[in-house]
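Participant: Okay, handing you the structure first.
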Amino acid sequence: MNSKKIIATIVFTFIMAMTLPLTAEVIQPVNVTHDASAYFPIDNLINGANFSTTDPTMHQIGDGSWVTDGAGANYFANAATIHLVFDLGEDTEVGTAFIWAYTHGTGVVDTYQGNTMKDFSLRFNTEAEGTTFSGEAQFIGIADHGPVCDSTGDPETEIPRQVFSLGRTFTARYVEMTITSTYYGQPGARGGDRCGAGEIWFDTESTVILLPETFEMYDDSAMLEEFWTGTNATVTLNTSDVYEMDQAMDATFTAAGSVKKTTTLPANYTAIEGKLLSCWFKGNVANEAGDVTFTVLDPNGIVINSATATDGLQAEEWMEISVEVTSAFTNVAGLELSSSTAGTITIDKIDFRTPDAKMVVCWNFDEGTGMAVADTSGNGINGTLSAGFDGWTVGRTEAPGDNAINFDAEDPNDILTAEGIDLSSLPVGDIFKGDSSWSMSLWYKSNDNNGIQMIGGIGRCEFVQDGVQDERYLDNWGGNLEFQPGGNSGFWPTNTLPVGQWALITMTYDKWDKIIKMYIGTDLIGSRAYTFVDTTENSIKLGGKGKVAWTDDTNQQVGLNASIDDFKIFDQALTTEQIIDMSASWVCINKPLTDVTDDCIVDLNDFALLASEWMECGRYPTSFCN
């Protein structure tokens, strides 16, 4: 099997979904009751303040309508199990649950809140069965929370609405919701001593899952045609020629055209784990010269984002098109794949994934002599040691040829620098931009933990008490590892750096959630939210002495007294799994497809495992094994 890109499968604990066009009917409950006394006006769960029944698909805040307002927020205590019973007015078909977030207070950013329900279950009774429920839950869901405000702190975004498809329809007048756990006390969950939820409505139809699209939900091609429509194209299920999933979709074009899957209600994808939306496909000989475009649409058919396979289709070779997830993905309602020529395109899956981390710089210090440090990443970002530096030493593995650099504090001005770096022509993200993700790692061995010692990092690497977060560097303050973003808001979890021992230090920053994480070895020792701006200098520095951190005692700021080996910078936030790999001296950035032993290399061990099961078939019926 040929492929242009290999990615890992991402499994979600919940799904966002949307209703079928024209057939669905949103149900506003006529009443709601509860078995606890910890609620403020409970009617807001079905008809919040200023709620507009003319547009039940999404609530606005700011100048628009609110789900709940002021003292009308739907609070419930954190400790108790919460039981709610919704009255739908009459027996009706129920196939979907809508859960909106809530907000309370006005004018203060911290008072805006997302849904703080977590685990919940549903049971359904007809009018004849009444409000006494028995038996096991018919549906169990996991709700996702998050603040309503956007990254600027300005409450102008839409309040998230989560949609839970029940997988089937139930005939019911009464719906019991049991909330068994909440996000109370977790990062990002506000609300003091209590939690809350917003509007809760239902829908007559079980919803269509728009994303991820794996084609495994379809029983046959006739069912597939109910959801995917074609222009100059027909769609059929493919169960034999697939990339990663058990089923794929063949789109056969008679001329230039498209295949499209759409819904009428948008879903909120802001809380996804992935940062790219990826489509895997391949063509055949007939359309090898053609182009394929992957498009994400809003409810009005307007393009949110799109990408084209710029090098055309390759016959029988699996390819990937990815579009970046933007804030507009709160409004996704359609997927479209277009072909510029006739022929058959096989689509295996459309799913979210994290971007590949690309190495920006790698200084392994194996020169062992001289003033130049080579960048082995291939990007040519070489470093220069200050004049007179003589601190070359044995590397952390102590293997022949493995070297490191040692700053001994005798000359506090010893420094390694790469300045005036221009990344615009390199195939990596710009780590100097405030809105970029990045990771920085190095092996560090402290000779002593006296004073405040500059370790180094990205940017000017100088403390300026101006409140501007334009730095990304590390220092050793009396044995505590401190990260400095610039300004006056350093971050120092209380973890003592060992003296005389090598330790892997890794910092990661994800521009999506704006969280920086600090690791020593493979242990996450702390995290904090930052909103960076562009660095003052496009530089990378290690060592040196200067204004390192906030202190009135300048005598505390001394030269670095430590050894450094294998310094690396990446243009994405590394995962915990990648950091674990790196602790073993390597990091798996692009896992080969046929790496069946999961060690990020295809070798004889993989071949032996494949050979041991060669031509074995587990299909049923067995006639499909021929």
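Participant: Quick one: residue 619 ticks every box in (1) open to solvent by less than 40 Å² (accessible area, probe 1.4 Å); (2) in a loop (DSSP other than H, G, I, E, B); (3) at pLDDT below 75 bar one, so which box is it?
Facilitator: The single condition residue 619 does not satisfy is (1).
Participant: Does the stretch 368-377 hold any residues that are surrounded by 14 or more Cβ atoms within 10 Å (Cβ to Cβ) and part of a strand (DSSP E or B), and which are they?
Facilitator: 373
Participant: Within the stretch 383-436, which strands (runs of 3 or more DSSP E) (wholly inside it) include 3 or more residues that are hydrophobic (A, V, I, L, M, F, W, C) and either open to solvent by less than 30 Å² (accessible area, probe 1.4 Å) or in contact with a strand residue (DSSP E or B) (Cβ under 8 Å, 6 or more places away or on another chain) (or both)? First the steps, then the outcome.
Facilitator: On the way: elements: 383-385, 392-394, 403-408, 415-418.
Where strands (runs of 3 or more DSSP E) fall fully within the stretch 383-436 and carry at least 3 residues being hydrophobic (A, V, I, L, M, F, W, C) and either open to solvent by less than 30 Å² (accessible area, probe 1.4 Å) or in contact with a strand residue (DSSP E or B) (Cβ under 8 Å, 6 or more places away or on another chain) (or both), they are 403-408, 415-418.
Participant: A further question follows. Within the stretch 514-521, is there a residue that is touching a helix residue (DSSP H, G or I) at 6+ places or on another chain (Cβ under 7 Å), within 30 Å of residue 394 (Cβ to Cβ) and at pLDDT 90 or above?
Facilitator: yes
Participant: How about the stretch 438-453: which of its residues are open to solvent by 10 Å² or more (accessible area, probe 1.4 Å) and farther than 15 Å from residue 567 by Cα? If you could, list the steps in order and put the result at the bottom.
Facilitator: Step one: of the stretch 438-453, the residues open to solvent by 10 Å² or more (accessible area, probe 1.4 Å) are 443, 445, 447-451.
Listed by number, the residues that qualify are 447, 448, 449, 450, 451.
Participant: Condition first: under 18 Å from residue 453 (Cβ atoms), among the small types (Gly, Ala, Ser) and open to solvent by 40 Å² or more (accessible area, probe 1.4 Å). Can you find one or more residues in the stretch 522-529 that meet it? Show your work before the answer.
Facilitator: The first filter runs over the stretch 522-529 and keeps only residues under 18 Å from residue 453 (Cβ atoms), leaving none.
Checked against the condition, which is being under 18 Å from residue 453 (Cβ atoms), among the small types (Gly, Ala, Ser) and open to solvent by 40 Å² or more (accessible area, probe 1.4 Å), the stretch 522-529 yields no hits at all.
Participant: Also: Out of the residues in the stretch 501-513 meeting the condition of being assigned to a loop (DSSP other than H, G, I, E, B) and at pLDDT 85 or above, tell me which one is least open to solvent (accessible area, probe 1.4 Å). Steps first, please.
Facilitator: First pass over the stretch 501-513, keeping only residues assigned to a loop (DSSP other than H, G, I, E, B): 501, 511-513.
Going one step further and asking which of them are at pLDDT 85 or above, we end up with 501, 511.
Working: 501: 113, 511: 63 Å².
Among those residues, the one meeting the criterion is 511.
Participant: Could you list, in sequence order, all residues of the stretch 539-554 that are touching a residue at least 40 places away in the same chain (Cβ under 8 Å) and either touching a helix residue (DSSP H, G or I) at 6+ places or on another chain (Cβ under 9 Å) or open to solvent by 60 Å² or more (accessible area, probe 1.4 Å) (or both)?
Facilitator: Step one: of the stretch 539-554, the residues touching a residue at least 40 places away in the same chain (Cβ under 8 Å) are 539-551.
Within the stretch 539-554, 545, 547, 548, 549, 550 qualify.
Participant: Separate question: Failed condition for residue 365, given (1) surrounded by 21 or more Cβ atoms within 10 Å (Cβ to Cβ); (2) at pLDDT 95 or above; (3) assigned to a strand (DSSP E or B), with all others met?
Facilitator: Of everything listed in (1) surrounded by 21 or more Cβ atoms within 10 Å (Cβ to Cβ); (2) at pLDDT 95 or above; (3) assigned to a strand (DSSP E or B), residue 365 misses just condition (3).
Participant: Whether any residue in the stretch 478-500 is among the hydroxyl-bearing types (Ser, Thr, Tyr) and buried (at least 16 other Cβ atoms within 10 Å of the Cβ) is what I want to check.
Facilitator: No, that holds for no residue.
Participant: Test residue 289 against the criterion of being at pLDDT 90 or above and over 30 Å from residue 98 (Cα atoms), and give yes or no. Please lay out each step first, then the result.
Facilitator: Values: at pLDDT 90 or above: no; over 30 Å from residue 98 (Cα atoms): yes.
Spelling it out, it is not the case that residue 289 is at pLDDT 90 or above and over 30 Å from residue 98 (Cα atoms).
Participant: Here are some conditions: (1) modelled with pLDDT of 95 or more; (2) in contact with a strand residue (DSSP E or B) (Cβ under 7 Å, 6 or more places away or on another chain). Residue 322 meets all but one. Which one does it not meet?
Facilitator: (1)
Participant: Residue 380: open to solvent by 20 Å² or more (accessible area, probe 1.4 Å) and either modelled with pLDDT of 95 or more or in a strand (DSSP E or B) (or both), yes or no? Reasoning before the result, please.
Facilitator: Details: open to solvent by 20 Å² or more (accessible area, probe 1.4 Å): yes; either modelled with pLDDT of 95 or more or in a strand (DSSP E or B) (or both): yes.
So residue 380 passes the test.
Participant: So which of 251, 222 is part of a helix (DSSP H, G or I) and either surrounded by fewer than 15 Cβ atoms within 10 Å (Cβ to Cβ) or small (Gly, Ala, Ser) (or both)?
Facilitator: Numbers: 251 fails: part of a helix (DSSP H, G or I).
Just one listed residue meets the conditions, 222.
Participant: Here are some residues: 525, 516. Which one is in a strand (DSSP E or B), farther than 19 Å from residue 359 by Cα and aliphatic (A, V, I, L, M)?
Facilitator: Working: 516 fails: farther than 19 Å from residue 359 by Cα.
The match here is 525.
The values are calculated or read from the model by the stated rules, or taken from the named source; none is laboratory data. All figures in this text were calculated on a predicted structure; none of them were measured in a lab. Heads up, the Cβs are rebuilt from the backbone with ideal geometry, glycines too, and the neighbour counts pull from every protein chain shown. Only protein heavy atoms, including side chains, enter the accessible area calculation; ligands, DNA and RNA are left aside. Shrake-Rupley method; radii C 1.70, N 1.55, O 1.52, S 1.80 Å.
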